[in-house]
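Quick notes on the structure that follows.
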Amino acid sequence: MHGLINRALQCFVRDTYGEDRWLDVARAAGLDPPRFESMLTYDDALFSDTLAALSRSLGKSKDDVMEDVGTYLVSHPHVEALRRLLRFGGVTFEEFLHSLDDLPERARLAVPDLDLPQLELRDCGPDRYLLVCRSRHPGFGHAMLGILRTMADDYGALVILDIERQEPGVDVISVSLVERAFAQGRSFDLGARGINADDL
C-alpha cells in the first residue's frame with residue numbers, strides 16, 4: 001500500500017487525538033519506527049493492523065474510524081490539498097459527484113503510483129445517485145462516505161447518504177440530494193498553490 005494512505009491514518013490520529021495516542025497505536029500495531037513515510041510502499045497488512053489497533057484504542061468500529069478519517073481528509077487545515085483536488089471537480093455538488101469517476105486518474109497526476117479505489121457513479125433518477133466503491137482494502141467505502149458528507153457541507157448542499165457493503169471490497173453509497181443550496185458553502189480559490197505530496 002502506498003505510504004500516503006498509511007500516513008493519512010497517522011496524521012488523522014496525531015491531529016485529532018495527539019502524538020501520545022498515535023505512539024500507543026503504533027506500538028500496538030508493531031510499527032517500528034512509529035511513523036509512515038509518504039513516498040514508501042508498505043505491506044497491506046500493516047495498514048489493517050494499524051486500523052485495528054486504532055479501532056480498539058478509540059472504542060469505535062473500524063468502519064466508523066474510516067468515516068472519521070474521510071471527514072478529516074477534507075476538513076482539517078493540514079490536508080487542505082485534498083479538498084482542493086476534489087473541489088476542482090466542479091462548481092456544484094452534483095458536478096463534483098460526476099467528477100468522482102475520474103478521481104483516481106486526477107490523483108495520479110499528483111502522485112503517479114497512488115492506487116485509489118475505483119469509483120463509479122450511477123444516476124438513479126432525479127437527484128438520486130449510487131456511488132460504487134471498489135477497493136482491495138477494507139473500509140475505503142466508509143472513508144468515501146465521510147468525504148461525501150463533508151464535501152456536501154463544503155458546497156452548501158443538503159444530502160442524505162447511506163452505505164451498504166455488497167460484497168468484500170465493494171461498498172455502495174446512496175446519495176439523495178435534498179437541496180442544492182441549503183446553506184452557504186465554504187469559499188474556494190482556484191488560484192491557490194498547487195498540490196504537494198507532503199501535504200497529503
Got a number for carbon plus sulfur as a percent of the chain's accessible area, 1.4 Å probe? 50 percent
Given labels modelled 7 Å from the Cα in the Cβ direction, how far is it in nm from ARG122 to ILE160? 1.9 nm
Computed [θ] at 222 nm, helices only, for the chain once each DSSP H run of length n ≥ 4 contributes -39500 (n - 2.57): -14000 deg cm²/dmol
Degrees separating the helix 3-17 axis from the principal Cα axis of the chain, which is the longest one: 90 degrees
Over the chain, with the other protein chains present, what is the accessible area per residue in square angstrom, probe 1.4 angstrom? 50 Å²
Give the residue list of chymotrypsin sites (Phe, Trp or Tyr not before Pro) in the stretch 104-167 that are DSSP loop and have at most 14 other beta-carbon atoms within 10 angstrom. none
Once the Cα atoms of helix 44-58 and of the chain are each reduced to a long axis, what angle between those two axes, in degrees from 0 to 90 to the nearest 10, is obtained? 90 degrees
In nm, what is the difference between 0.36 nm times the number of residues separating GLU179 and VAL132 and their Cα-Cα distance? 14.7 nm
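The values are calculated or read from the model by the stated rules, or taken from the named source; none is laboratory data. Model, not experiment: these values are computed from the prediction. We place every Cβ from the backbone using ideal geometry, glycine too, and count neighbours over all the protein chains shown. With ligands, DNA and RNA removed, areas are computed over all heavy atoms of the protein, side chains included. Shrake-Rupley method; radii C 1.70, N 1.55, O 1.52, S 1.80 Å.
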